[in-house]
Structure formats: structure tokens, C-alpha cells
1. Compute the length gained on full extension between N179 and A150: take 0.36 nm times their separation in residues and subtract their Cα-Cα distance, giving the result in nm to one decimal.
2. Amide H neighbours of T107 under 5 Å, at least 5 residues apart or on other chains, H built in the peptide plane: list them.
3. Among the chymotrypsin sites (Phe, Trp or Tyr not before Pro) within region 147-185, which fall in a DSSP loop and have no more than 13 other Cβ atoms within 10 Å of their own Cβ?
4. In terms of modelled amide H atoms, which long-range or inter-chain residues lie less than 5 Å from the amide H of L196?
5. Which longest run of the chain has no exposed loop site in it, a site being GluC sites (Glu not before Pro) in a DSSP loop with at most 15 other beta carbons within 10 Å, and the site itself not part of the run?
Amino acid sequence: MDGNGRWAQARGKPRLFGHQAGGRRVREIVESCPQLGVKYLTVFAFSTENWKRTQAEVTGLMTLFKRYITKEANALRDNGVRVRFIGDRIRLETKLVEMMDNLEKLTEHNDLVHLTIAINYGGRDEVARATKRLAREVKAGRLDPEEVDAETLAKYLDTYVLPDPDLVIRTSGEARISNFLLWQSAYAEYEFVDTLWPDFTKDIFAEILRNYAKRERRFGAVAG
């Protein structure tokens, strides 16, 4: 969900103004998922690299996350959205982690849309943490190292209960992966769009999905 800061600066506003607008856009996109046939949606809210931003912006983002959870929790529950968070929670403040846990618990029985929010997430960091957990299992004698394969490692990822993504959308004109779902996106289709995230409407989302439906996915095989 890239481009919040640039969107705000183009309007003579502080970057946090753009992040607020981006948060409102998330709600619109989530609400559009059922009618568009999207059951699983993952949004990249804060990366392991985003800590390099100014202290004011980081603090503001963390406040926005708490505000979003407080404001949207009941609506997410009532609209059938199940929320999960991925990423390393160690560096996050205790209050935010508690709110994340509570939201996951509040929506755990929902199944209409599965919304995954990546906070303090990085693809390389996720694989490193998964490998560390796997290594502990080997050391404890609960896992035979000779039996470890790609499917084994996938069970230790943050997304172990989720399907791999079919489509990854990157907004704001940036044409790079930026450390997002590196393992899971091995065979995903990519769509890079120039639209800044606060301007990314449900109609744009629908058009991208229509174009995606026309693609032929071969997963390394030869077309039939």
C-alpha cells in the first residue's frame, strides 16, 4: 500500500495525513472483497525497514494502528472479516500487541473475508525466524533434518494457515517486491500500478482482478 506520504505532500499536508487517508482506503477495499470474489487479502502496513523513518512518523503510524483497531474492530467482526497479523511482534509496544491479539480473538470465527495485516514484517526476517523455529525442533529431536523440505519450512512461516497469494499488487509506480511475502509469492502474478494508495479505489481493484482473470498461470509447466 505505497504512496501515502507522496499523496499527502502533493496536497501540502504532513505524511501522516496520507497514512490516515490510506487507512480509510483499506476499509473500502476490504468491504469490496466479497462482491469481487476475494476471500483472502493481505495488506502490508509496516515493514521491518520502516523503522528507519523519522521517529515522529513511526510514532504516528503506531498511533494510527491502535486507532484503526479501536475504530474498526466491531465492524470487522459484524461484517464477517477474520483478522490476522503477521510479522515479528517483539519490537512492537505491549499495548498494540494486546490490541492485535484481542482483534484476532474477536474475529476468529469469521470466514467471509480473511484479512491479514503485516506489521513489522519482512520476508527475509520471516524466513529467518521460521528457520530458527525449525532448527529448535531438530535440536530437540522432534524433527528429522533429512525429512526437511520446502513444505516443512512453510509450516513454520507466519502464514502457515493461509494459502499462497495468487496476485500481488504494488501501488504508487514502484516496480519492486520490497521484501513482501518472498517465499509465498514464488508463483504469484504481479501487478504494478501508478496509482497512489489513497487513490486506489474499489473500481481500480476490480479492473485489476478482471485483467488477472485473463492471465494463463502455468506454474512452471508448458501451456496446454
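Throughout, read-outs are computed from the coordinates displayed, never taken from laboratory work. Given the structure is predicted, the values throughout are model-derived calculations rather than measurements. Glycine also receives a Cβ, built like all others from the backbone with ideal geometry; neighbour counts cover every protein chain displayed.
1. Working: separation 29, 0.36 × 29 = 10.44 nm, distance 1.90 nm.
Additional length available on full extension: 8.5 nm.
2. The list, which skips near neighbours in sequence, is V83.
3. Values: sites: Y156, Y160, F180, W183; in loops: Y156, Y160, F180, W183.
Hits after loop and neighbour filter: Y160.
4. HN-HN under 5 Å from L196: S172.
5. Values: sites that count: E49, E93, E108, E174, E216.
Counting at most 15 other Cβ atoms within 10 Å as exposed, the longest clean stretch of the chain is 109-173.
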